[in-house]
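Shown below is the structure under consideration.
The values are calculated or read from the model by the stated rules, or taken from the named source; none is laboratory data. Source: prediction; values computed, not measured. Cβ placement follows ideal geometry from the backbone for every residue including glycine, while neighbour counts extend to all protein chains displayed.
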Amino acid sequence: MKYMNRVVVTIILFSYSVSGLAQNTSGYKLSKTFKIASGGGWDYIAVNDHKLYVSHATQVNILDASNGDSLGLIPGTTGVHGIAFIPALGKGYVSCGRLNSITVFDLKTYAVLKQIPVGQNPDAIMYDPFSKKQQ
């Protein structure tokens, strides 16, 4: 019985050490932290042209990727989730889950160009440059 207890303890200790090693070898590390002073929940982050686009409750916050300075925001995107870009057209697209729409915005001015009604609660969004399909 004493031998069995040692085996169990050894297996448990081995399991902890292996799981600890697996967690420490990911290669990822925190390089920068940017604070955004506003309330509400967060979702996706997208990067385009050295800018961070951060989904934030009812708006998209746009930050300079090198220093975190605020460059602007895209308002009126309630329930914002994903963000996609078509740089060749100068347009960005934001899925607005609670509005059941996609917001199209100008990549230079961040001005909202139009709202496109879609199905219920759109979430992730992407652009396929091969097919060049967009609305």
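Do you know which residues across the stretch 115-135 are on the phi > 0 side of the Ramachandran plot and surrounded by fewer than 13 Cβ atoms within 10 Å (Cβ to Cβ)?
LYS132, the sole residue that qualifies.
Separate question: Of all the residues that make up the stretch 90-135, how many are without any contact (Cβ under 8 Å) to a residue 40 or more places away in the chain, hydrophobic (A, V, I, L, M, F, W, C), part of a loop (DSSP other than H, G, I, E, B) and touching a Phe, Trp or Tyr at 6+ places or on another chain (Cβ under 9 Å)?
1
Identify, by number, the condition in (1) of a type outside the set (Asp, Glu); (2) surrounded by 16 or more Cβ atoms within 10 Å (Cβ to Cβ); (3) farther than 20 Å from THR33 by Cα that LEU89 doesn't meet.
(2)
Just to check your reading of the model, which residue among LYS51, LYS91, LYS29 is charged (D, E, K, R) and farther than 20 Å from TYR127 by Cβ?
LYS29
If you scan the stretch 92-109, which residues turn out to be of a type outside the set (Asp, Glu), more than 18 Å from the chain's Cα centre (by Cα) and either surrounded by fewer than 17 Cβ atoms within 10 Å (Cβ to Cβ) or over 16 Å from VAL60 (Cβ atoms) (or both)?
ASN100, LYS108, THR109
Rundown of residues vs (1) at pLDDT below 95; (2) of a type outside the set (Val, Ile, Thr), yes/no style:
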{"site": "LYS29", "(1), (2)": "yes, yes"}
{"site": "LYS32", "(1), (2)": "yes, yes"}
{"site": "ILE36", "(1), (2)": "yes, no"}
{"site": "HIS56", "(1), (2)": "yes, yes"}
{"site": "HIS81", "(1), (2)": "yes, yes"}
{"site": "GLY90", "(1), (2)": "no, yes"}
{"site": "CYS96", "(1), (2)": "yes, yes"}
{"site": "LYS108", "(1), (2)": "no, yes"}
{"site": "LYS114", "(1), (2)": "no, yes"}
